[in-house]
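K.L.:
One structure, as structure tokens, below. Some questions next.
The values are calculated or read from the model by the stated rules, or taken from the named source; none is laboratory data. This is a predicted model, so every value here is computed, not measured. With ideal geometry, Cβ positions are generated from the backbone for all residues, glycine too; neighbour counts draw on all protein chains shown. Protein only, heavy atoms only, side chains kept; ligands, DNA and RNA dropped before computing areas. Shrake-Rupley method; radii C 1.70, N 1.55, O 1.52, S 1.80 Å.
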Amino acid sequence: MSGVSNDDSHDHSQRYVISATNLTKKYGDFTAVDDISFHVPAGESFGLLGPNGAGKSTTMRMIGGVSQRTSGSLSIMGLDPEQHGPEVRAHLGVVPQQDNLDEELKVRDNLLVYGRYFGLPMSYLKPRADELLEFAQLTDKAKAKVDALSGGMKRRLTIARSLINEPSILLLDEPTTGLDPQARHILWDRLFRLKEAGTTLILTTHYMDEAEQLCDRLIVVDKGRIMAEGSPASLIREYSTREVLELRFGSERNATVGAELEGIGERLETLPDRVLVYAHDGEAALEQVHARGLHPLTSLVRRSSLEDVFLRLTGRSLVD
Amino acid sequence: MSVMTAGRSVTEAARSRTFGPLYSRNVRAVVARGLMATKSSNWMVMLSGFFEPVLYLISMGVGLGAIVGTVQGPGGTVISYAAYIAPALLAVSAMNGAVYDSTWNVFFKMNFAKLYQGMLYTSLGPLDVALGEILLALLRGLMYATGFTAVMGVMGLITTPWAVLMIPASVLIAFGFASFGMGITSFMKTFQQMDWINFVMLPMFLFSATFYPLSVYPTYIQWLIQAMPLWHGVELLREISVGSFSTATALHVLYYLVMIALGMILTTGRLRRLFLR
Ligand SMILES: Nc1ncnc2c1ncn2[C@@H]1O[C@H](COP(=O)(O)OP(=O)(O)OP(=O)(O)O)[C@@H](O)[C@H]1O
Ligand SMILES: [Mg+2]
């Protein structure tokens, strides 16, 4: 997938709505995004997964043309966002990691004014704003000031705002952070519908269940580099075992007991609060643990998830 | 689901407009937003911008004027001290307002309120945002200048209908400072650096023949002050206020036209640095 040379980028722009080749962003000496390449076909739901500081938001900003890349090439719907910023962004809907609502305007006015930035007429915007308020469950807050909203409400308004221009590509930077479980499931449902209607979704998230639910394909990034690329299922197959046995021996013993578990399962991962045994058959592995005279305080067999892929690739846990 | 598909044709039409690389010909939306925000903004801040020069005029013009008496205005006309400093105060207020709006205000909205981040994620380009903000600053300047000129009238400091031209001339002065100010802001990274702006503005305010004629200075200082923009603004408004025009008047106007042109070249050249870091 990676290592695509520059000369066939024209060909790529035909098939892909987003095409990044050797994309790099430096802040002074520091390299935030380090030579990454990926290509997203229309209608795909594409995820960027990575720990804090991996360069996900920086990549999103370059796609939107609001941050200038240091090198590499980038094409959004066949256009370079740096050279055609306004034209590219006319197709985009953006949910930035940090809400940047207009605090000086009321809730509904936020939607109207934002729509005006896209050059949309009021006759279209007024009913559209009301629909989106309904969608964000903020109809009764329409006349409220933005700073009177709760964090989750602001998030929902930001998401509603991103849909005002019926974008063909939706950039979602940790969209559900701060949402309660119900609001999150409603959003997932809406995103599914948008996807069905042909919208391309680019998504970063720290929630593995969200990535597994929403992403057709994703890249795992760490320190600005791509560590792996594939569908959630294929990544789990490639980088983890079918099942995982989670053992807790108490925070004192987790570290020391690792040596005694050597040889059980295919791989061990010792974390501060638990030991993970990667095995095809978790129950069988647990029997082996017991056979060695080890008695964890708690044990749990579960299926492998992206969390495990992430741990394997970055050496870090994603839960935060 | 209607939320997802309603009005497809309208959004398609909006997308098929012609765009420039940094411009979407939609300054209007930025101005409209500014006006809407003004409705809910702090009226005290707005009013203080109006009252500041008025207070100066009353305290210095009326208070100090009682001691000073009359002075010689442009073209040798004898005028009251208040009538002498009033146009200068108007020029200073045009400068202060424009500089504040194009530097501190832009810097704050860029780095703290994150207002521009939101705007720039739409099809607006940096040039739409810059022009919109400058236009808003000029609108505000126009309001203040009109108010101040009215106060001058009430105080009996206006003796010729030409004085009405001080209003558009103030807008010209504001445009000169705003176009430059925004370009300069693109070089600023911290609040400490922003303070340098005041460091330049205060001496300009005090020494640009605002309160007394330039002739009190030695020649080389006079030259220095005459190179500065505020002096040209002060002189321009002073000449207009008494309706005494000469080639100097045209030169002052020309100074500002050049300043606006250079400022706009600087600002547009620095747009990527200012907005797209
Ligand atoms: N404007 C900036 N100036 C300097 N460094 C920056 C800037 N923006 C981001 N960085 C650095 O670039 C790196 C990547 O940042 P980025 O925000 O893209 O990470 P991220 O993957 O989105 O992380 P998170 O999960 O915490 O949101 C970080 O080390 C960050 O410190
Ligand atoms: Mg981020």
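K.L.:
Report, by chain and number, residues whose modeled amide H sits under 5 Å from the one on A:Ala228, excluding near sequence neighbours (fewer than 5 apart, same chain).
P.N.:
Correct list: A:Val220.
K.L.:
Taking every pair of alpha-carbon atoms in the range A:1-149, give the share separated by more than 22 Å as a whole percent. Don't jump to the answer; show the numbers that get you there.
P.N.:
Values: 5595 of 11026 pairs.
Roughly 51 percent, once rounded to a whole number.
K.L.:
Give, to the nearest whole percent, the P(r) tail of the range B:54-134 beyond 22 angstrom, counting all Cα pairs. The partial results should precede the final answer.
P.N.:
On the way: 1608 of 3240 pairs.
Taking all Cα-Cα pairs of the range B:54-134, the fraction more than 22 Å apart is 50 percent.
K.L.:
A follow-up question, please. Compute and list, largest first, the equivalent-ellipsoid semi-axes of the range A:241-303 from the alpha carbon gyration tensor, each √(5λ) rounded to a whole angstrom. Walk me through the numbers on the way to the answer.
P.N.:
Working: eigenvalues 52, 28, 22 Å².
Working from the Cα gyration tensor, I get semi-axes of 16, 12, 10 Å.
K.L.:
Run down the lysines and flag those whose C-alpha is under 21 Å from the C-alpha of A:Lys141, throwing out any fewer than 8 positions away in its chain.
P.N.:
Here the lysines satisfying the reach criterion relative to A:Lys141 are A:Lys106, A:Lys126, A:Lys154, B:Lys39.
K.L.:
Take the Cα gyration tensor of chain B, multiply each eigenvalue by 5, square-root it, and list the three semi-axes largest first, rounded to whole angstrom.
P.N.:
Computed over chain B, the values are 39, 20, 17 Å.
K.L.:
Report the gain in length on full extension from B:Asp195 to B:Ile221: 0.36 nm times residue separation, minus Cα-Cα distance, nm rounded to one decimal.
P.N.:
On the way: separation 26, 0.36 × 26 = 9.36 nm, distance 2.44 nm.
Difference between extended and current length: 6.9 nm.
K.L.:
Another question, then. At 1.4 Å probe size, with no ligands or nucleic acids counted, give the accessible surface of A:Met227 in Å², nearest ten.
P.N.:
80 Å²
K.L.:
Relative to the Cα centre, what is the charge dipole magnitude of the protein assembly as shown, using +1 at the beta carbon of each Lys and Arg, -1 at the beta carbon of each Asp and Glu, and rounding to the nearest 20 debye?
P.N.:
Taking the Cα centre of the protein assembly as shown as origin, the dipole is about 1600 debye.
K.L.:
With +1 assigned to the C-beta of every Lys and Arg and -1 to the C-beta of every Asp and Glu, and no other charges, what is the dipole magnitude of the range A:241-303 about the Cα centre in debye, to the nearest 20?
P.N.:
Values: 8 positive and 11 negative charges, 26 e Å.
Charge dipole of the range A:241-303: 120 debye, to the nearest 20.
K.L.:
Using the Cα centre of the range A:8-230 as the reference point, and only Cβ charges (+1 on K/R, -1 on D/E), how large is the resulting charge dipole? Debye, rounded to the nearest 20.
P.N.:
520 debye
K.L.:
Could you check the simple spin-label distance between B:Ser41 and A:His295, using points 7 Å along Cα→Cβ, in nm with one decimal?
P.N.:
7.2 nm
K.L.:
Rank A:Ala54, A:Ala32, A:Ala197 by mean-square fluctuation in a GNM of chain A with C-alpha springs under 10 angstrom and give only the top-ranked residue.
P.N.:
Maximum among the listed residues: A:Ala197.
K.L.:
Let me ask another. Under 5 Å between amide H atoms, partner at least 5 residues away or on a different chain: which partners does A:Arg217 have, H built in plane at 1.01 Å?
P.N.:
The list, which skips near neighbours in sequence, is A:Ser45, A:Gly47.
K.L.:
Additional query: Taking the Cβ of B:Phe112 as the centre, find all other residues whose Cβ is under 15 Å away and add up their charges (Lys, Arg: +1; Asp, Glu: -1).
P.N.:
Working: positive: B:Lys109, B:Lys114, B:Lys189, B:Arg277; negative: A:Asp99, A:Asp102, A:Glu103, A:Glu104, A:Asp147.
With Lys, Arg at +1 and Asp, Glu at -1, the net is -1.
K.L.:
May I pose another question? Quick one: what does P(r) look like for the protein assembly as shown with 20 Å bins over all Cα pairs, in whole %?
P.N.:
Answer for the protein assembly as shown: a P(r) of 18, 39, 27, 12, 4, 0 percent.
K.L.:
Taking θ = phi - 60°, what integer Hz values does the Karplus form 6.51 cos²θ - 1.76 cosθ + 1.60 yield along the range A:310-316, in sequence order, with x for Gly and Pro?
P.N.:
4, 4, 4, 7, 10, x, 10
K.L.:
Rounded to the nearest 10 Å², what accessible area does A:Glu287 show when all protein chains are kept and the probe is 1.4 Å?
P.N.:
Rounded to the nearest 10, that gives 130 Å².
K.L.:
Evaluate chain A: find the radius of gyration of its Cα atoms, find its Kirkwood radius, and give the ratio Rg to Rh.
P.N.:
Working: Rg = 22.4 Å, Rh = 21.5 Å.
With Rg and the Kirkwood Rh in hand, the quotient comes to 1.04.
K.L.:
Right, next: Just A:His39, A:His185, A:His290 to compare: in a GNM of chain A, with alpha carbon springs under 10 Å, which one fluctuates most?
P.N.:
Of A:His39, A:His185, A:His290, the most mobile in the Gaussian network model is A:His290.
K.L.:
Apply the Karplus curve 6.51 cos²θ - 1.76 cosθ + 1.60, θ = phi - 60°, to the phi angles in the range B:254-261 and return the couplings in whole Hz, x for Gly and Pro.
P.N.:
Along the range B:254-261, the couplings run 4, 3, 6, 4, 5, 4, 4, 4 Hz.
K.L.:
In addition: Please list A:Met62, B:Met201, A:Met153 from largest to smallest accessible area, probe radius 1.4 Å, with all protein chains kept in place. Can you show the working numbers first?
P.N.:
Numbers: A:Met62 5, B:Met201 30, A:Met153 50 Å².
Per-residue accessible area, sorted high to low, gives A:Met153, B:Met201, A:Met62.
K.L.:
I've got another one for you. Which number do you get for Rg(Cα) / (2.2 N^0.38 Å) in the range B:21-83? Write down the numbers at each step before the final one.
P.N.:
Details: Rg = 20.5 Å, N = 63, 2.2 N^0.38 = 10.6 Å.
Cα-based Rg divided by the globular estimate yields 1.93.
K.L.:
In whole Hz, with x marking every Gly and Pro, tabulate ³J(HN,Hα) for the range A:82-96 from phi via Karplus 6.51 cos²θ - 1.76 cosθ + 1.60, θ = phi - 60°.
P.N.:
Calculated HN-Hα couplings, in order: 6, 8, 10, x, x, 5, 5, 6, 4, 9, 9, x, 10, 10, x Hz.
K.L.:
Please tell me the relative contact order of chain A in percent, rounded to the nearest whole number, where contacts are Cα pairs under 8 Å and at least six residues apart.
P.N.:
Numbers: 603 pairs, mean separation 57.4, N = 320.
In percent, rounded to a whole number, it is 18.
K.L.:
Within 13 Å, Cβ to Cβ, of A:Ile202, how many net charges do the neighbouring residues add up to if Lys/Arg are +1 and Asp/Glu are -1?
P.N.:
Values: positive: A:Lys56, A:Arg61, A:Lys195, A:Arg217; negative: A:Glu44, A:Asp173, A:Glu174, A:Asp216.
Every neighbour counted, the sum reads 0.
K.L.:
Given the options B:Pro126, B:Pro21, B:Pro168, which has the most mean-square fluctuation in a GNM of chain B, springs set between C-alpha atoms less than 10 angstrom apart?
P.N.:
B:Pro21
K.L.:
Calculate the all-directions average of the projected area of the range B:235-277's alpha-carbon convex hull, and give it in nm². The partial results should precede the final answer.
P.N.:
Values: hull surface 14.2 nm².
Directional mean of the projected Cα hull area for the range B:235-277 stands at 3.5 nm².
K.L.:
What is the diffusion coefficient of the range B:207-263 in µm²/s, taking the Kirkwood radius over Cα pairs and the Stokes-Einstein relation at 25 °C with a viscosity of 0.890 mPa s?
P.N.:
Values: Rh = 11.9 Å.
Calculated translational D: 207 µm²/s.
K.L.:
I would also like to ask the following. Report the far tail of the P(r) of the range A:106-162, meaning the percent of Cα-Cα pairs longer than 17 Å.
P.N.:
Details: 416 of 1596 pairs.
More than 17 Å apart: 26 percent of the Cα pairs in the range A:106-162.
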